Each structure stands twice: as C-alpha cells, then as structure tokens.
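Asks: Below is a structure I'd like to ask you about.
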Amino acid sequence: MSSRTDPAELQLQHRALYSVDDASQLLFHCREGALWITLDNDERDFVIEAGEEFSTPEHRRALVYALQPSRFYVEPAARSIETPPARLARNSRNSTMETFSRFHPMPFRKAAR
C-alpha cells in the first residue's frame, strides 16, 4: 500500500491498494482500468473506470483498490462554494453489480483475521 497527496500519475497492478490520509482536496481521474474507492466510515463505495473521476469534500482517508491494472492521476481539486458534497464526474455507465461481476472476488475472510 502506498500513500501520497502530491499531483502525480500513478499505476496500480491488479489488487494493489493506494491510500490517501485526507482525500478532501483531491481529484482522482482514472485514465485506464477500473478503481474501487472507499472512504473511512462511509457506507458508499465508488467504482470509476477510464475517463471518469472522483472527488469529495469529506475529510476522510480514501482507499483506492485496483480492480484490474489501472493508471490514474491524483491532483488538487478546484473547489468552490457551489461544489456538491460528493462528486462523481460521471457515474459508471454500468451498474455497480455489472462492473464487479467482471472481476475476481477479493478474499475478505483473510482480511478480517
């Protein structure tokens, strides 16, 4: 698992994890592949695919998991007072279940031990 908040283009191998301590000022732009993004203490999960982006005003840690080999860009998010609470530039064209069905399941049992 890696963590940084400087503007950067990053690559993750399948099942690799990237962590950001405070995602509130960042924009995640997926260039290739598919990413699963989850925020600490948030019931929602977000899946973004190539050409989609994600940002949030929430001061929470974000975990980015590569559902397949992926390339994405992390940069400071431009904020204004009118910015909605959580922003996905576009929701995935596919439903979440359709998106997840294309990938191998994660071994959650091992993670809970």
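What follows draws every value from the coordinates through simple rules; no lab data is involved. Nothing here was measured: the structure is a model prediction, and the numbers come from that model. Every residue, glycine as well, gets a Cβ built from its backbone with ideal geometry; the counts of neighbours run over all protein chains shown.
Asks: Kindly rank 11-17, 38-44 from highest to lowest mean number of other beta carbons found within 10 Å of each residue.
Replies: 11-17, 38-44
Asks: I've got another one for you. Using only the alpha carbons, work out the radius of gyration and Dmax of the range 32-82 in angstrom.
Replies: Radius of gyration, then largest Cα-Cα span, for the range 32-82: 11.6, 35 Å.
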